[in-house]
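Below: one structure, written as structure tokens.
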Amino acid sequence: MFGFQAFAEVPYSFLTGEHVGIYTEQRIYAANMGYITNATANPPSTYFEGRLDVPLRFERSVIGGGAIAGQASVGFGDIELNNSDGFYDNLTNSGAVDGRQITVKVGIDEFNYSDFGVIFSGTSKGIAVTENGLRLLVRDFGYKLDNPIQSEFYSGAGGIDGDVELKGKPKPLLFGKALNISPVLAYASGLLYQISSQPLRSVDAVYDRGALLSLGTGYTVNLSQGTITLLTQPAGQITVDAVGDTITPLAVLAGGMGGSWIDISDISSMYTDYPPTIKATATGQSIAYITDKSGNGLHFYQPIPSCRPLLQQDGSGHYYLDFDGIDDFLVAVSEASFSFTAGITAAVAVRLDDWATVDQVSIVSKSISAFGNDSGYDIGLNHNSKAVSARVAMESANKEAATTTALAAGAHVLVGYSNLKGVILRADKTQIGAYYQSYQALIDYDTAGTVNLMIGAAPSDGIIAAGEYMSGRLYGAVFLGRAPKNAELTILENYLMSAAGITARAPVCAADIIEQIARVHAKLADSEIDSASLNLFRQQQPAEIGYYIDSQADVSATMTAIMAGVGGWYGFSRSGLLQASVFTMPSAPSVFEFTEIEILEIERLLLPESINPPNWRRQVGYQKNWTIQNNDLAGIVTAERRQFLANDQRVAVSQDANLLKRHRLATDPELTTSYFSNEADAQAEAERLMSIYGAEREMYSVVLKTQPFVLDIGNIITLTYPRWTLTSGKQFVIIRISEDATDNKSEITVFG
Amino acid sequence: MTASTVKMAWVNHVDMQGVTLTASSEIATLPVSNLLTPHVAKKWRSQEEGAKGGDHQIDIDFGISGYDDFETGDPVTDIGVDVVALIGVNMTRNARIRLEASRDPSFASLEYYYDFADANVDPRFKIAVVQLPSVVIARYWRIYVTDSIFTLEAGRLVMARCFQPAVNFTYGYQIGYVDLSRVARSRGGQQHVDEGNSYRQAQIQFDFLTELEAFEGVLELDRVAGLHDDILVILEPYAANIGQKTIWGLVSANSPIIEPNFGIYNKSYSVEERL
């Protein structure tokens, strides 16, 4: 039996033959000892050259710019391959590894390769060649955030595509709540101003020279397009208070996997006629067409006027479509992405008039006409005497997740999904039914002769029977042509719960914006995001913030600005997952305790100048004014409002004057630019920063002999050592870590 | 009947230009040509026995019945073999092996036939060695292996002619394991071990080589293999556990031949096992 071994996979492009520009991708497999995978592994029966002299040296740190946190973590390192016999010379001669993914795993050679753990997933920057070896320079996936955040540009075609003067310019983006932003005049002759190229949650106020305009008489709003339209020529500069939406179903649908999003709360997405020409404007109108907000073109419609649901608004102000239970239903205009080949998901926010006594009602249905509604998918009521069920079915057998317990009166979010290995039914974020196929079997779904996805009814042999129409309210729906990941399920359910008024929608916080940018703008796959880290970040810092972008900006610069404002850090883990966190002092049990047994070397370090001596005062900004206006304001603008408009931001202060008695050179750092909406949140952040940096802190560099690649940035550890303040053990946070798999040592820098 | 003194071989005929190996079966990513690579860990792997329908078999065609010495240009017409070894095998103690040698590709007439016999493999050492009673000259060879395992693996094939001195190496030879594990000591004095692979190392000293053995034997070994080509050392040809007494590896240190007395030559070697 051997100890842990390291294994690396390095794909590289290879110039084949003399065909300049024709590249193939090949893959290098190497380990620190010769190793062959077994026949069932992935890759099967593959030899790993025993040439990995240095499996991985990698360093990750959140220290930067003289500060402990507030920026991206940066990870870099190298891998060394033995090339003393020229084995890899072809790689140096005509191959290229830069930008290719590199994976390093550890395991015991007696294990199956697929059971090995990934300790690094990153990319290569290039190769350094020596006579005896190749040094692959590696770094984390930070480059994935080095792209422009805007992917939508004005084409100059007019309307929402902008005037010709705007051609080629990026469209603005609004994340969360921002005050007094200057929207882009996209279409001058139509008085169309764009606030954001992604949907808005609300437009709270529109100002002309600082004077408030009225909704309806002064302007109209299109939340879906992120625009306002003035109804009269403005007197001067137009500014807006608005909330850009984040973590909507768009974050799940952006991955190019198809799907559809029906947003009833966005009236501007609905039409009263078919083909769609007249937009809905008020409650009481019958809805003939609803635009799919996913961008996938999977709209829903109802061509028969008498069968159209009515747009209504409940007592809490939430919009819904009212289905009469007689003949109302909607049907998808296209079958695309609902082929079942990868599964299906239907998530609906719905309130039936009666959850208990109705029979054979389908809320969502997709059937195969050849076999009637016994073959297909639906979320329904009282199917087979069940109160609620979700089914993926074939001709002779339903694969059904169901419950016989009727749901309580009121609105519920129901999710039924299948990955073809089973069917899961959830209500209000709780699983209420499940069906699982036998081991390794898949649900045998026949895709022949489909009927388009329907809302409010299910066809039986192409005919909808009386009594099977839904009677109740639809607040929103999202469909996917696959099963959701857990994090995606959370996004969908949270969104629909708020759409139906079951739970209030939380204000947009920093974690929401980071996740939105990661999923939608950086186009990271769900598998590249550490959802647990983001959820913890969301709990750590739930305060409402807002950030507006109206010029070219990078993803990384945007994330850095947001994280600096909340005293956090972000970056990719060694295993390639995007993480984000608030930098805090230890408040939880340590994940490891190290004593003289593990400590090979220890050194007390000088603290960064910004906190040495400690801070006696911290200032944190809030209510950022995105358009400073000192003049050309309407006469009606109050003195208080003028004062707000003249200043960039408000400031919350936390200070400890007594500290100056002990530390006569105590420091007063510059104002922290933050994007909090509320003073209390900024004050809390200022006090939090004082609690960290207004105290006397210590920083150590420690070389440890411990199991490699188990520690990471942000981990809390306890150091016990017979010197300094460590004699009885003290907790620290890891802020830098450097590991070398050659000798299995970890060098960490800790702060506490 | 061969002598009981050490055997050393440094010209592995399967490494010649033009040699082709064919196996009864192989995994595409682990072909039988892996038996020609220097790293024992890089193996040929057969398909499962049931899939290929019989015992495992390797056919060797030396391509020519002779070759030109690459330095002198002299024709060497006889490719003599008196030892066949498979290194890095996964055979069990139940493995049996058979050899056939012929100048006819159909093996209609045989130069040599070694019927199925116990391969005498100790799984700790992973070496199967067949020592032929005399040198056999043939272009075509066939190795059969039967075992209770489903797939057969081997890392290196050795087919060579051995040098065997009349007088064995001197008493006091050394053999042991070199452990690549690393140990670090912490501030508290505790030792931390990174467990690594181990390989065998043997040191032998010849004190009674004849002039012929010195100049045409060990000095030739130094010329051809030096510190860069693998050699086979069978320390005790009649050992009950032949794998335990056989090393395939590189010479890590040697000495020049010394003539301390008239007609008597000394020479020492240190050999490290290939993994």
(Q) How would the range A:575-721 be classified by its alpha-carbon gyration tensor: rounded, prolate or oblate, with rounded meaning a/c under 1.5 and the a/b versus b/c comparison settling the rest? (A) prolate
Q. Would you list A:299, A:521 from fewest to most Cβ contacts within 10 Å?
A. A:299, A:521
Q: Neighbouring Cβ atoms within 10 Å as the yardstick, rank B:96, A:308, B:161 fewest first.
A: B:96, B:161, A:308
Q.
Taking the Cα centre as origin and putting +1 on Lys and Arg beta-carbons and -1 on Asp and Glu beta-carbons, what dipole magnitude results for the range A:452-607, to the nearest 20 debye?
A. 500 debye
Q) Which of the listed residues, B:266, B:174, B:184, is farthest toward the dipole's positive end in the range B:174-275, when Lys, Arg count +1 and Asp, Glu count -1 at the beta-carbon? A) B:184
**Q.** Cα-based equivalent ellipsoid of the protein assembly as shown: semi-axis lengths in Å, sorted from largest, via gyration tensor
**A.** 70, 40, 25
Q | Shielding by partners, peptide B:196-206 (average Cβ within 10 angstrom, other chains) | A | 1
Q: For the range A:719-730, just list the computed ³J(HN,Hα) in residue order, Karplus coefficients 6.51, -1.76 and 1.60, θ = phi - 60°, integers in Hz, with x standing in for Gly and Pro.
A: 10, 10, 7, x, 8, 6, 9, 9, 4, 9, x, 9
Q: Give a residue-ordered list of calculated ³J(HN,Hα) values for the range B:126-139 (Karplus: 6.51 cos²θ - 1.76 cosθ + 1.60, θ = phi - 60°; whole Hz; x for Gly, Pro).
A: 6, 10, 10, 10, 10, 9, 7, x, 8, 6, 10, 10, 7, 8
Q | Peptide B:182-188 - average C-beta neighbours from other chains (10 Å radius) | A | 6
Q: Return the lysines within reach of residue B:42: Cα separation strictly under 16 angstrom, same-chain partners fewer than 8 residues apart disregarded; answer none if there are no such residues.
A: B:126
**Q.** Relative contact order computed over chain A (Cα-Cα under 8 Å; 6+ residues apart), in percent
**A.** 13 percent
(Q) Give the residue list of GluC sites (Glu not before Pro) in the range A:644-721 that are DSSP loop and have at most 16 other beta-carbon atoms within 10 angstrom. (A) A:670, A:696, A:698
**Q.** Cα gyration tensor shape of the range B:109-268, rounded if a/c is under 1.5, else prolate or oblate by comparing a/b with b/c
**A.** oblate
Q: Provide A:469, B:171, A:495, B:177 in ascending order of the number of other Cβ atoms located within 10 Å of each residue's Cβ, fewest first.
A: B:171, B:177, A:469, A:495
Q: Quick one: which residues, 5 or more positions from residue A:223 or on another chain, have an amide H under 5 Å from its amide H? H modelled 1.01 Å from N in the peptide plane, none for Pro or chain starts.
A: A:268
Q | Listed residue pairs exceeding 21 Å between alpha carbons, taken from A:144/A:177; A:293/A:386; A:293/A:523 | A | A:144/A:177; A:293/A:386
Q) Per-residue ellipticity at 222 nm for chain A, helices alone: DSSP H runs ≥ 4 residues times -39500 (n - 2.57), over residue total, nearest 500 deg cm²/dmol? A) -3000 deg cm²/dmol
**Q.** Under 29 Å from residue A:730, Cα to Cα: lysines that are on another chain or at least 8 residues apart
**A.** A:661, A:705, A:745
Q) What distance in nm separates the simple spin-label points at residue A:591 and residue A:636, each placed 7 Å from Cα in the Cβ direction? A) 5.7 nm
Q | Nearest-20 debye value, chain A charge dipole, Cβ charges on Lys, Arg, Asp, Glu | A | 1360 debye
Q. Using Cα pairs under 8 angstrom and six or more residues apart, how large is the relative contact order of the range B:165-275, in percent?
A. 27 percent
Q: Under 1.5 on a/c is rounded, so check that first for the range A:219-336, then, if it is not, pick prolate when a/b is larger than b/c and oblate when it is not; a ≥ b ≥ c are the square roots of the alpha carbon gyration tensor eigenvalues.
A: oblate
Q. Cross-link partners among aspartates and glutamates for residue B:245, C-alpha distance below 19 Å, same-chain residues fewer than 8 apart left out?
A. B:82, B:118, B:122, B:179, B:230, B:236, B:272, B:273
Q: Report the label-to-label distance for residue B:28 and residue B:219 in nanometres (one decimal), using points 7 Å from each Cα along the Cα→Cβ vector.
A: 5.3 nm
(Q) With a cut-off of 8 Å between alpha carbons and a minimum separation of six or more residues, what is the relative contact order of chain B in percent? (A) 23 percent
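Values quoted throughout were computed directly from the atomic coordinates according to the rules given, and no laboratory measurement underlies them. Please read all numbers here as calculations on a predicted model, not as lab measurements. Ideal geometry is used to build each Cβ from the backbone, glycine not excepted, and the neighbour counts take in all protein chains shown.
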